[in-house]
Every structure is written in structure tokens, then in C-alpha cells.
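Presented below is the structure to which this report refers.
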């Protein structure tokens, strides 16, 4: 992430928008269950809200410094912060009742790594577990915001097929101004 992204994603405005707008929309019609995997936690704008909604939250963050800062700030006893890679999850099969990724998938360095992350998410979800993601489409404004940062936007035309190839089912994509929500389930 570049300095602009770190600033914005750690801002009071983004925490407010995440709590009041984004999470309610993302979670509508879904049950998180008792153990949520948060992928790409960053500064933790969703972590506190997820901890209020689920008995256990495991927040995974790729950047070591961000993971350490979030671990120091996480004031909920039901939150565990781990530094790790979404394309090689350090968890046993069927560990989580749900997984959520907010503005993380476009930070994976290639479509192949995104596909590996989808397979890993399928692996660590329990049967019936839900995967929810929010991401942004390709566009000049998003490209400018990601100068000196990784930006591999998902192709909406192929995302459903890619998630299904990873073993996830009941995949839906819903648009909202500025981005789109992915909802998929581990069906078997």
C-alpha cells in the first residue's frame, strides 16, 4: 500500500464509512457464524465491528508492521491478529465459519495469486461458510490512488467463474457506487 492508502484506510472517515455503510451492506443476508477470518485487515477499520458481531475474529494482515500495530490496538479479547499471506493461509481445513476481505483482493500481485487465495479461502471455510468481499473496479481514479502500490483489479466478467473454479458456489456480485460486493459459499 502507498502512503495515501495507508492514511485513508486508517482515517476516522473510512472507519465511519466501514461501520455505518459498508459492513451493513456487505453482511446483509449473510450469517458470520462464530469464527470470522478477516483477510487484509490493514489498520483494522472493520476489525472492531466484526468483533462486536462474532464470538471470534482472526485478522490476517500481510504487512508485518501493520499487523503488529493492529495487534497492539486490538482491545477485544475475541480478536487474534496474525501476519500472513492470503494465498497461503496458515490455518487448518474448515477452521472458519466465514471469511471477509475488504479492499484486499486487488492488492494481490497477480490473478494467479488471487485464484490461490480463492482456493485457500474455500479450504479454510467450513461447509456452509460464507465468503464476503468488497473491492473496486478498474478505472483511472483507482489507478491514480494506487501509484506506487499494487493494483490488480478483478475482472467482473470472470470473477464468478474463478470463484467457482476454486470450489465456491452460490456466487453473486452486487454493485454499489465505488465498488462491488462478492458473496460466495462453500457449498459441500
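Results, tabulated for the structure shown:
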{"read-out": "Pairs, first over 30 Å from residue 187 (Cβ atoms) in the range 73-98, second surrounded by fewer than 16 Cβ atoms within 10 Å (Cβ to Cβ), C-beta under 9 Å, six or more apart", "value": "74/80; 76/52; 83/64; 83/68"}
{"read-out": "Residue match in the range 127-135 (condition: touching a helix residue (DSSP H, G or I) at 6+ places or on another chain (Cβ under 6 Å) and farther than 23 Å from residue 4 by Cα)", "value": "yes"}
{"read-out": "Residue within the range 157-175 that is over 22 Å from residue 120 (Cα atoms) and either surrounded by fewer than 12 Cβ atoms within 10 Å (Cβ to Cβ) or touching a residue at least 40 places away in the same chain (Cβ under 8 Å) (or both) present", "value": "yes"}
{"read-out": "Selection status of residue 127, without any contact (Cβ under 8 Å) to a residue 12 or more places away in the chain and under 15 Å from residue 37 (Cα atoms)", "value": "no"}
{"read-out": "Any hit, the range 62-79, residues being part of a strand (DSSP E or B) and crowded, with 22+ Cβ neighbours inside 10 Å", "value": "yes"}
{"read-out": "Residue, modelled with the lowest pLDDT, within the range 146-175, restricted to residues that are out of contact with any helix residue (DSSP H, G or I) (no Cβ under 8 Å at 6 or more places or on another chain) and on the phi > 0 side of the Ramachandran plot", "value": "148"}
{"read-out": "Listing of helices (runs of 4 or more DSSP H) fully contained in the range 9-55 that carry 3 or more residues being touching a helix residue (DSSP H, G or I) at 6+ places or on another chain (Cβ under 9 Å)", "value": "47-53"}
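The values are calculated or read from the model by the stated rules, or taken from the named source; none is laboratory data. What you see is a predicted model; the values in this text were computed from it and never measured. As a convention, Cβ positions derive from the backbone with ideal geometry for all residues, glycine included, and neighbour counts pool all protein chains shown.
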